[in-house]
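A short write-up of the structure that comes next.
The values are calculated or read from the model by the stated rules, or taken from the named source; none is laboratory data. Values in this document were obtained by computation on a predicted structure and should not be read as measured data. Here the Cβ positions follow ideal geometry from the backbone for every residue, glycine too, while neighbour counts run over all protein chains shown.
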Amino acid sequence: MRIILLGAPGAGKGTQAQFIKDRYGIPQISTGDMLRAAVKAGTPLGLQAKAVMDAGQLVSDELIIALVKDRLSQSDCEKGYLLDGFPRTIPQAEAMRANGIDVDHVVEFVVPDEEIIERLSGRRVHPGSGRVYHLQNHPPKVEGKDDETGEPLVQRDDDKEETVRKRLDVYHSQTKPLIEFYSSWAQSGDDKAPAYIRVEGTGPVELVRDNIFQALEVK
Ligand code: AP5
Ligand code: ZN
């Protein structure tokens, strides 16, 4: 199973990725998590990416495409992969096609902008695993601690309201065109085209999860 998760910042890609990767036994490839790990480790990529991410802008297509190609060449991707946060520009999607990186399903999350701001201000994450919580909507069992490891949860540097608004602008201008790109490809009759799935990203996390699972079984 090869899947792309497509949606605004805070739409729930990381939250639902945890369920999907467990169900299908495929690795979650989150370009955001990979970049944050590079920033933390102080690698050349991390040093380049930090300022761009803190400003809510996108890292260059060239860097991201190289990062993803390298990750997909690892052996755990042979049985499939779950792309979370990639592609998010038309050139990234074109590069996938040009490199023969096939996909079975694109899942688009629909969430209104007002809800995004509220979700991201309450978000807390466990950096080691990518597990995601929310102070009100999805609190950890013990305040401030990851459910599985007990390690501390942190707030992401780019979750300040001003940066969230910038990230939303970038989503509308640079990532939303992918909705048209993939939905028209799906309708073209090309047998390489991934099936296009649109899910409501609002409502209980478990309901969103069940709707995704149901749609993934159909193709
Ligand atoms: P990235 O880490 O990919 O961030 P993003 O796309 O902005 O998405 P988020 O991780 O913020 O949201 P999410 O959809 O995963 O939501 P979550 O499940 O956490 O990228 C960060 C940066 O890296 C980018 O800005 C860019 O600079 C760079 N970058 C990454 N990829 C790149 C690329 N391909 N090209 C160029 N640059 C790139 O949920 C959010 C909150 O909502 C949580 O608190 C959660 O508990 C809560 N929640 C989830 N579902 C529900 C629900 N149903 N109801 C209520 N609350 C919910
Ligand atoms: Zn995420």
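Listing for the model above:
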| item | result |
| --- | --- |
| For ILE64: the one exception among (1) modelled with pLDDT of 95 or more; (2) outside any helix (DSSP H, G or I) | (2) |
| Close pairs from region 1-30: first free of Cβ contacts under 8 Å to residues at least 60 places away in the same chain, partner within 11 Å of ligand 1 (Cβ to nearest atom), Cβ under 9 Å, at least 6 apart | ILE29/VAL68; ILE29/LEU83; ILE29/ASP84; ILE29/GLY85; ILE29/PHE86 |
| Qualifying positions in region 117-151 - more than 8 Å from ligand 1 (Cβ to nearest atom), buried (at least 18 other Cβ atoms within 10 Å of the Cβ) and touching a residue at least 40 places away in the same chain (Cβ under 8 Å) | GLY130, ARG131 |
| Selection status of GLY203, under 17 Å from PRO112 (Cα atoms), over 17 Å from the mean Cα position of the chain (by Cα) and not basic (Lys, Arg) | yes |
| Search result, residues across region 168-192 that are at pLDDT below 95 and in contact with a helix residue (DSSP H, G or I) (Cβ under 7 Å, 6 or more places away or on another chain) | none |
| Region 28-51, residues that are buried (at least 18 other Cβ atoms within 10 Å of the Cβ) and either of a type outside the set (A, V, I, L, M) or more than 17 Å from GLY128 (Cβ to Cβ) (or both) | GLN28, SER30, THR31, GLY32, ASP33, ARG36, LEU45, ALA49, LYS50 |
| Unmet criterion (only one of (1) within 16 Å of ligand 2 (Cβ to nearest atom); (2) modelled with pLDDT of 95 or more; (3) outside any helix (DSSP H, G or I)) for SER129 | (2) |
| Among (1) within 14 Å of ligand 2 (Cβ to nearest atom); (2) in contact (Cβ under 8 Å) with a residue 60 or more places away in the chain; (3) not aliphatic (A, V, I, L, M), the one test that PHE181 misses | (1) |
| Selection from region 132-178 of residues that are within 15 Å of the chain's Cα centre (by Cα), away from ligand 2 (no atom under 14 Å from the Cβ) and among the basic types (Lys, Arg) | LYS176 |
| Sole residue being within 11 Å of ligand 2 (Cβ to nearest atom) and over 24 Å from LEU207 (Cβ atoms), chosen from ASP33, ASP54 | ASP33 |
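Each row is one residue, and each column tells you yes or no for (1) near ligand 1 (Cβ under 10 Å from one of its atoms); (2) of a type outside the set (Asp, Glu); (3) not in a helix (DSSP H, G or I).
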residue: LYS40; (1), (2), (3): no, yes, no
residue: GLY46; (1), (2), (3): no, yes, no
residue: LYS50; (1), (2), (3): yes, yes, no
residue: LYS69; (1), (2), (3): no, yes, no
residue: PRO87; (1), (2), (3): yes, yes, yes
residue: ILE101; (1), (2), (3): no, yes, yes
